[in-house]
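The values are calculated or read from the model by the stated rules, or taken from the named source; none is laboratory data. These figures come from a predicted structure and were not determined experimentally. As a convention, Cβ positions derive from the backbone with ideal geometry for all residues, glycine included, and neighbour counts pool all protein chains shown. Keep in mind that these areas ignore ligands, DNA and RNA; they rest on the heavy atoms of the full protein, side chains included. Shrake-Rupley method; radii C 1.70, N 1.55, O 1.52, S 1.80 Å.
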Amino acid sequence: MDSVTWPQVLAWRSRRQYLERPADASALAITRRLAGVQAQVASAAELSIAIRRSAPDPDEVPRALWRDRTLVRTWAMRGTLHLLPADEAGAYLRLSSVVRHWEKPSWQKLANATPADLEAIAAAATAALSGGAALTREELAAAIIEETGSAHLAEALGSGWGTLLKPLAWWGVLCHGPSQGTRVTFTAPPYTLPDVEDAARTVLRAFLGAHGPATPDTFDNWLMRKMNRKKDVRGWFEALADELTTLDVEGVPMRVLTEHLDELLHTEPTSSVRLLGPFDHYILGAGTGDPNVVPPDRRKEVSRTAGWISPVVLHGGRVAGVWEPVGGEPKITLFTDVPPDALAAEAERIRPLL
């Protein structure tokens, strides 16, 4: 079995994710390469893309979302909002739905709804969004309540947490539409959902192409915080076995796409310094609990209260500090020594994006 070190893995991921060398790549190409871009905070998603581009275009993401519709914004992995390639979004949503949250008593208690209620809501939402309609949360809730007569669902339908709307996103009923001022809208999506097996192949290939090598456990942590049945996740890996190679990463057997094996084996560790914005997919793909990426004694400074993921300083692919924009400047707090000239150059590079 071939083996690599973690510094090699982190350098390879940095290169694959356009961090080592920002690229002349479109927002769509970057989103596809990263296996989605978390967009819980829209400006964070745009920054994640911009820092990976050699010539950032501040209008490109809105254009791809609302004019070209090559990107979509919807609830996907871990129940959080993501930008996804429109032509692959159905696969991510189908795989996100496998855990079937809505069948669990805890979800039904929180939502004050049953699976039968959810089916009726989905049918009403499908009708309300037909013909290209884009409805605000309030307008959609009103249309659903009028159709179903389920006034008791008004509070949950109007919640910004999207408790009732997330399953509808996973079912392919709705996705986000263009905002009306500060109000979000919802519209019918431009995609269909594949079966689970096809979805798993698409998503697993994308994940390993950006965040590999990986194990079934690390993949499921990224997908649904380890809520899937282990045998299902193992089965997805087994179904792709003819495209995978097992690799030793400092004593841990992990899977990588065979087409990337030679490149990974010949990747040298990096000494680059990069500033990543909040909720960056480089961090979320590994998970803040990965000690090879986030020093365990600094995890609370990276993964903060209310689910906030801090902007970070990377040195050699590993988190070496955090930062925040203050007056258009990155205010940096380092955990360890970082080459000052490289840090200053990176701060200068991203300053126009803040």
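Numbers for the structure displayed
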item: Neighbourhood charge, 12 Å Cβ-Cβ cut-off, centred on residue 237 and excluding it, Lys, Arg +1 and Asp, Glu -1; result: 0
item: Backbone N within the range 171-194 under 19 Å of label point (7 Å from residue 136 Cα along the Cβ vector); result: 175-188
item: Cβ-defined net charge surrounding residue 4, 10 Å radius [Lys, Arg +1; Asp, Glu -1]; result: -3
item: Lysine pairs within the chain, Cα separation less than 29 Å, 8 or more sequence positions apart or different chains; result: 15
item: Compactness of the chain, expressed as Rg and Dmax over alpha-carbon positions, Å; result: 20.7, 64
item: Accessible area per residue, Å², the range 273-354 with all protein chains present, probe 1.4 Å; result: 47
item: Between helix 137-148 and the chain: long-axis angle, C-alpha atoms, 0 to 90°, nearest 10; result: 40
item: Cβ-Cβ FRET estimate between residue 334 and residue 147, R0 fixed at 51 Å, reported to 0.05; result: 0.35
item: Global form of the range 181-301, assessed from the alpha-carbon gyration tensor, a/c cut-off 1.5; result: oblate
item: Mean separation of Cα contacts under 8 Å, 6 or more apart, over the residue count of the range 121-208: relative contact order %; result: 31
item: Signed unit charges on C-beta, dipole axis of the range 1-159, positive-most listed residue 7, 123, 108; result: 7
item: Spacing of the two label points (7 Å from each Cα toward its C-beta) at residue 301 and residue 110, in nm; result: 3.1
item: Sum of -39500 (n - 2.57) over DSSP H runs of 4+, divided by residues of the chain (222 nm, nearest 500); result: -11500 deg cm²/dmol
item: Estimated distance in nm for a label pair at residue 155 and residue 308, the labels positioned 7 Å out from Cα along Cα-to-Cβ; result: 2.7
item: Per residue solvent-accessible surface (Å²) - the range 31-80, probe of 1.4 Å; result: 35
item: Within the accessible area of the range 132-251 (1.4 Å probe), percent carbon and sulfur; result: 49
